[in-house]
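Participant: The structure follows.
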Amino acid sequence: MRTYILDIIPKIKQYSKKLDIITVLTNQHWVVLDEISKSKSVYIFRSNNELLISQNGKVNRARWEYLGHNSLLIDIGNETYLFKHDFYDANILTLKVDGKNEYAVLINENKYEYELNSLDSVVVFLKSKYIDGVENKVDKKLSEPKSNVNELGNDNSVTILRQEEDWSLVTGKVLEYTVKYKDDISTVLFIKKKGVYTFSTFDKVIEFENLEDCLAFYKSYIDKK
């Protein structure tokens, strides 16, 4: 796993969100940034401590373990890595090598496909969002969680866990909804610049004029899996 020296991370650690292993790490596909290799490595942390590493469609199995105190142990082949969780937001997760000022950079797969696919783009994104004051309020306060979709639609089986403002190099300001249906946790975005709600499937991003239609599609998409 390639690591980098990132001077910007200590400067923005105060803005890091709390890393919840169950709802964050194990419910995303993380692309490990490696600018030397031209292949794309996707890490899937399963709740049974199995780590699936997909590289151009070929999958290898490894192991991971959360040790508490923000420490993460990863076994890949004959090598074992000890990391400290250092920074996390909805787009980027950095893991600091224990005892070194070096970081492994993991990108939310949805973001990797569109904008965060190099170390330079990661640094520009973090600097713009947390240092240059692009947002009116960087230290965002989470909105009160909505108990269910009845407050925003008709389907009481989809739960909105939280909603908060975010920012993207491509879309500008967005309102991000973390939604849950059955055992799935996903993200719905409201792109303010375009005035549309979006939901990303495996191979495409679908736009909707209102949140109710977007959540209805999300529910049907999960039912068909």
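Participant: Mind listing just one residue for me: the one in the range 171-200 that is in contact with a Phe, Trp or Tyr (Cβ under 9 Å, 6 or more places away or on another chain) and of a type in the set (Asp, Glu) and, of those, nearest to ASP223 (Cα to Cα)?
Facilitator: Within the range 171-200, the match that is nearest to ASP223 (Cα to Cα) is ASP184.
Participant: Output the number of residues of the range 103-140 satisfying the condition of being surrounded by fewer than 14 Cβ atoms within 10 Å (Cβ to Cβ) and modelled with pLDDT of 80 or more.
Facilitator: Adding up the residues that qualify gives 1.
Participant: State yes or no: is GLU65 under 17 Å from ASN27 (Cα atoms) and surrounded by fewer than 16 Cβ atoms within 10 Å (Cβ to Cβ)?
Facilitator: It is true that GLU65 is under 17 Å from ASN27 (Cα atoms) and surrounded by fewer than 16 Cβ atoms within 10 Å (Cβ to Cβ).
Participant: Can you pull out the residues in the range 70-93 that are farther than 12 Å from MET1 by Cα, of a type in the set (S, T, N, Q) and assigned to a strand (DSSP E or B)?
Facilitator: The one that is farther than 12 Å from MET1 by Cα, of a type in the set (S, T, N, Q) and assigned to a strand (DSSP E or B): SER71.
Participant: Looking for something farther than 25 Å from LEU161 by Cα, of a type in the set (Gly, Ala, Ser) and at pLDDT 90 or above - is there at least one such residue anywhere in the range 64-74?
Facilitator: no
The values are calculated or read from the model by the stated rules, or taken from the named source; none is laboratory data. This is a predicted model, so every value here is computed, not measured. Reconstructed Cβ throughout: ideal geometry from the backbone, glycine too, with neighbour counts over all protein chains shown.
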